[in-house]
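Laboratory data are not the source of any read-out in this text; all were calculated from the coordinates shown. In this text, all values refer to a predicted model and were calculated from it rather than measured experimentally. When we count neighbours, we look across all protein chains shown, and the Cβ atoms used for this are built from the backbone with ideal geometry, even at glycine.
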Amino acid sequence: MDAPTVRREILEMLERLTPEQLEVIREFVAQMSESSVSGLYSLHEHAISTGVSDLAAQHDRYLYQRTPADA
Amino acid sequence: MPRSTTDIYIREPPPMPEAVFWDSVAYIALGNRSDALHGAAVDLSRQLAAARTPIVTTDAVLTEVLNTFGRVAWRPLAVRIIDAVQESAAEGTATVVRIDAPLWERAVQLFRERPDRVGTDRLHGFCRDE
């Protein structure tokens, strides 16, 4: 069976599922997707808890003591 | 007729860019579970991964990211980030632009010509644009 046919059959079957069943499928597919990626796209799997909630948005301030007024 | 969840999430995936530039915010948000942007960054990373979107970054960005995670307790993450960059580069899914002398000179020229530019006005922002 070719890929487009498989895709169409899966989509047709998905239409008949309940929301709860769709959630199970979503988690399964997400796990499959996760296991197939590596490198930068799996970086979040190695995330740490720094306790700093604005580190990304305010990294200038933490690194250079730069404030929005300096922009 | 309302669209089904299948239509919305499977048949009509959001358009993905041809390539995406990873700046410091991307690395920091993904690497810091405590970050307010972490969830959104993970969601976007998954979407980009599913589309196999190529990543572009620079060694200047990586320097800033390593400095951000330079504390001793955070250093293992910094090393993991470098490993991840090298893995992605080896797979061909990421390109690290090296800030060599000619690129640096062009970035400095842009920096000199655009004194009005704010927000991303540090030199690596100009390197990205070059």
B:F69 long-range amide H proximity, modeled H, under 5 Å: none
Nearest-0.05 FRET efficiency for B:L44 and A:I10, computed from C-beta distance (R0 22 Å): 0.30
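Determine, for B:R33, B:R114, the number of other Cβ atoms within 10 Å of each Cβ, and report the residues in order from fewest to most.
Details: B:R33 16, B:R114 13.
The most exposed by this proxy come first: B:R114, B:R33.
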Acute angle (nearest 10 degrees) that the helix A:3-15 long axis makes with the longest principal axis of chain A, alpha-carbon atoms: 90 degrees
HN-Hα J in Hz across region B:22-29 - Karplus 6.51, -1.76, 1.60, θ = phi - 60°, x for Gly and Pro: 8, 9, 4, 4, 4, 4, 5, 5
Cα-derived Rg over Rh, computed across chain A with Rh taken as Kirkwood radius: 1.27
Angle between chain A longest axis and helix A:19-35 axis [Cα atoms, degrees, rounded to 10]: 60 degrees
Footprinting exposure proxy for A:I10, B:I81 (fewest neighbouring C-beta atoms within 10 Å first): A:I10, B:I81
Sequence of B:D83, B:D100 once ranked by neighbouring C-beta atoms within 10 Å, starting from the fewest: B:D100, B:D83
Fluctuation leader among A:A47, A:A30, A:A56 - chain A, Gaussian network, Cα springs under 10 angstrom: A:A56
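How many partner chain Cβ atoms sit within 10 Å of a residue's Cβ in peptide B:38-47, on average, as a whole number? Write out the running numbers ahead of the final one.
Numbers: counts 6, 1, 1, 4, 4, 1, 0, 6, 7, 0.
Averaged over the peptide's residues, the number is 3.
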Per-residue ³J(HN,Hα) for region B:94-102, Karplus 6.51 cos²θ - 1.76 cosθ + 1.60, θ = phi - 60°, Hz, x for Gly and Pro: 9, 10, 9, 7, 7, 7, 8, 4, x
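Evaluate Rg over Rh across region B:16-98, taking Cα atoms for both radii and Kirkwood's formula for Rh.
On the way: Rg = 12.4 Å, Rh = 13.0 Å.
Radius of gyration relative to Kirkwood radius: 0.95.
Would you tell me the mean number of C-beta atoms belonging to other protein chains that fall within 10 Å of each C-beta in A:51-63, as a whole number? Please list the in-between numbers first.
Values: counts 3, 7, 6, 5, 13, 17, 6, 2, 11, 4, 0, 3, 5.
Rounded to a whole number, the mean comes out at 6.
With a Förster radius of 41 Å, plug the Cβ-Cβ distance of B:F111 and B:E91 into 1/(1 + (r/R0)^6) and report the FRET value to the nearest 0.05.
Working: r = 33 Å, r/R0 = 0.81.
Computed FRET efficiency for B:F111 and B:E91 comes out at 0.80.
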Amide H within-cut-off set for B:T58, under 5 Å, with H built and near neighbours excluded: B:V97
